[in-house]
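A short write-up of the structure that comes next.
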Amino acid sequence: MKQSLTLSLLAAFLLATSGVFAEVDQEKSQTIQKSTDEAYLIQTLENIGDSEDDIYYGNIACKRLAVYGTDAAIPTLVKMLASEKQNFNARFALEAMPGDAVNPVLEKAAQELSGYCLVGVIDTLGVRKDANAVAIFKDILASNKDVKVTKAIYAALGSIANDDAIAILLEEAKTIADRAPITVNKYDENTLLAAGLADAILDCADACEIAGNTDKAIELFDAVINPAFPVFNQKAGSYRGLLARDAAAVELLISKMKSEKCCCFVSGLKSIREYSDNASESIVKALVDVLPELSEDRQVLVIRALGDRCDEVSQKLTFPVLDKAITSGSNAVKIAAMRALVHVANVDIKRAAQLCADFAETFKADDAALEFAIFTATNVQNDEVDAIINSKFQETNFANVADEDVALYCALLKIVENRRILATAEGLVKIADTEGINPKLRDAALSALSEIVALDNLNLLVAALNGEQDDAKVDWILRAACTRLPREECAAKVVEMYKAADLEGKGKILPLLKQIGGPTALACVVDACWQKDTADQATQVLGSWNSPDDIMAVADACLKLARESKDNKYRVRGIRSYIRVPRQFNMEPAKRFEMCKIAFETAKRPEDRVLIFEVFKRVIEVASVNAALEYADMDQYREDACDAAIFVAEKIQGTSPELQAAMKTLIEKTENKDIKDRAQKVLERK
């Protein structure tokens, strides 16, 4: 495609001003940037040179003249065209000026300049679509040997796109093959020149098509299908030529489908999706007829392209093809047809639904094919599909599924899950409760159930999880359900179930409440901690609570257990669970230290008290060192306190008066030589 003038000017401006912007006269720069006085701007340019500062001033002055300039500025700007460093600045202004006075001076310059400056002027004449420049370009081409100039002329002719410009380009296309052959992997000058000519012809074809001259556009598109041009240009010409022919493209399209050349097939394939609705009947009928003659790889691509057409005629013609492909084609063709079925299923929704439901017989145990079967069965939006999939589900005996068929029936359960077919809920519970069921089927059933249940039948999910021993799996499944349901309402429902359950049922529901989290669930668990029959499991659940929003309420409940429980086991469990809170959850250091102090005072056993020193090790601050050292005066805890203090101190970056003071205190208090030596190293840190 032709070079973008805007981008070339921007690149040139950045190059010209890099490194000098800070050095130019800022006052002068601001004056030029704000000026609307044409005379002042012209005067600025009159004696401008090629220094870096001049290039910068010229750039901003020409930008202003592009807006405020008149014919009076043309002579000054024309003089700048001969300067390689000011050429683009001058053209920026000239290109934007209205009126008839600019083109003649640019035409004259095109006959006098050479090299880079000529390339720029040619580009500007093309942007201005100067028809009078075409004859000049023709003369230049006759004698020019500069590839850059030739390529610029091609681009300009492509922009002008009148009859004379088109004639020159087509004449050039006839002789392009006589030049040195183009390369495939290396863009040498001949390749770039051929690509530039092809781009220009395609630009003219676009202009003709927009103007309604379809026959001429087709001639130009076909002219680019020439071995002398790069393959990507040939593909573009072939593809655009097919579309321009619309319904008349049938014979040519079919030849592309059968062509041994991959580029011909690709251009035809790309066009299939884009023919107008008026052309759809003839195009699609022809493609359906030729489909059996194509290789499997090509059948796959054509089927996918047909499935992407959105008009009603195409879809009606395509549906029987997909039906046949799904029931009798190779696996690759079946997959392509299943993918396409999503878009055309409404032509015959009952049959489409049956095809989705029969995927097991269709694909057997091909994992890749099953993924597409799941995709299609999930995305065909119609209640008829739900009914047929449910029927398939109800008639399947999951307990008797052979090992080699497990993947098939896991796919069926995945479809049930994705479509959220409520009628399968009780059957899914039955699968989960079936003794000896394949673990993959059980997991798939639980996963499906987690996406299906609502508040009014949440008990089904709880019942299905009764026999699950893997806490992580319970967590995953319950969380999947609860993320869809309002948490507090979900918790309230489970609490109701808890209250109505027997002791064994209560034991199974308590862990579920932890996974739900929130005030309602927590309140139920806390209450259970004080009931004789449920205290043991409830206190364990409370001690592993993992919802950050609830954690301070959990800490209060644990502390109360530690202080008030009559059972020593629960007092110990309560204090250890309380200390877990500042150790594992984020909070301000001061709050951590406060909780450590409370825990130390509340705990009765030394082995519980020493747990607070692990909390200090989580806070890498001098304050944590000092907090640990507060316990160093107690003989029983001195070494634990000093160990925590030096652990933190060594991880603090740098030093400070506060840290040095703490290390001196540590050296005084510890009797451990190793800790003294480590503290001394921290003191000597710079």
Within the range 612-641, the residues that are in a loop (DSSP other than H, G, I, E, B) and either of a type in the set (D, E) or over 21 Å from E671 (Cα atoms) (or both) are R618, V619, I620, E621, E630, D633, D635
Taking the range 476-512 and the residues there that are of a type in the set (D, E) and touching a residue at least 24 places away in the same chain (Cβ under 8 Å), the one that is nearest to S547 (Cα to Cα) would be E488
Exactly one of E281, E274 is closer than 30 Å to T378 by Cα, outside any helix (DSSP H, G or I) and of a type in the set (D, E), and that one is E274
The correct count of residues that are out of contact with any Leu (no Cβ under 6 Å at 6 or more places or on another chain) and either part of a helix (DSSP H, G or I) or at pLDDT below 95 (or both) in the range 154-167 is 8
Selection over the range 494-528 where residues are part of a helix (DSSP H, G or I) and in contact with a Lys or Arg (Cβ under 9 Å, 6 or more places away or on another chain) yields a count of 12
Those residues of the range 410-428 which are acidic (D, E) and surrounded by fewer than 21 Cβ atoms within 10 Å (Cβ to Cβ) amount to E426
Among V313, V321, V333, the single one that is free of Cβ contacts under 8 Å to residues at least 60 places away in the same chain, part of a helix (DSSP H, G or I) and more than 21 Å from F265 (Cα to Cα) is V313
* **K440 closer than 23 Å to A369 by Cα and charged (D, E, K, R)** => yes
With respect to G126, is the statement that it is modelled with pLDDT of 95 or more, in a helix (DSSP H, G or I) and under 21 Å from T76 (Cβ atoms) true? no
When restricted to I431, I452, the only residue under 36 Å from the mean Cα position of the chain (by Cα) and touching a residue at least 12 places away in the same chain (Cβ under 8 Å) is I452
Based on this model, can you work out whether T424 counts as assigned to a helix (DSSP H, G or I) and in contact with a Phe, Trp or Tyr (Cβ under 6 Å, 6 or more places away or on another chain)?
yes
Here the residues within the range 266-277 that are among the polar types (S, T, N, Q) and either surrounded by fewer than 17 Cβ atoms within 10 Å (Cβ to Cβ) or touching a residue at least 60 places away in the same chain (Cβ under 8 Å) (or both) are S276
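Residue by residue, here is whether (1) surrounded by fewer than 21 Cβ atoms within 10 Å (Cβ to Cβ); (2) under 19 Å from L306 (Cα atoms); (3) at pLDDT below 95 holds:
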{"site": "P227", "(1), (2), (3)": "yes, no, yes"}
{"site": "V231", "(1), (2), (3)": "yes, no, yes"}
{"site": "A236", "(1), (2), (3)": "no, no, yes"}
{"site": "D246", "(1), (2), (3)": "yes, yes, yes"}
{"site": "A249", "(1), (2), (3)": "no, yes, yes"}
{"site": "I254", "(1), (2), (3)": "yes, yes, no"}
{"site": "C264", "(1), (2), (3)": "yes, yes, yes"}
{"site": "V284", "(1), (2), (3)": "no, yes, no"}
{"site": "D289", "(1), (2), (3)": "yes, yes, no"}
Being surrounded by fewer than 20 Cβ atoms within 10 Å (Cβ to Cβ), out of contact with any strand residue (DSSP E or B) (no Cβ under 9 Å at 6 or more places or on another chain), β-branched (V, I, T) and assigned to a helix (DSSP H, G or I) narrows I55, I42, I74, I60 down to just I42
Screening R576, R609, R563 for residues that are under 50 Å from the mean Cα position of the chain (by Cα) and among the basic types (K, R) leaves only R576
The condition of being out of contact with any His (no Cβ under 7 Å at 6 or more places or on another chain) and modelled with pLDDT under 95 holds, among E189, E219, only for E189
For the range 448-493, the count of residues that are part of a helix (DSSP H, G or I) and either more than 25 Å from R419 (Cα to Cα) or small (G, A, S) (or both) equals 11
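The values are calculated or read from the model by the stated rules, or taken from the named source; none is laboratory data. Model, not experiment: these values are computed from the prediction. Here the Cβ is made from the backbone with ideal geometry for all residues, glycine too, and neighbour counts use every protein chain on show.
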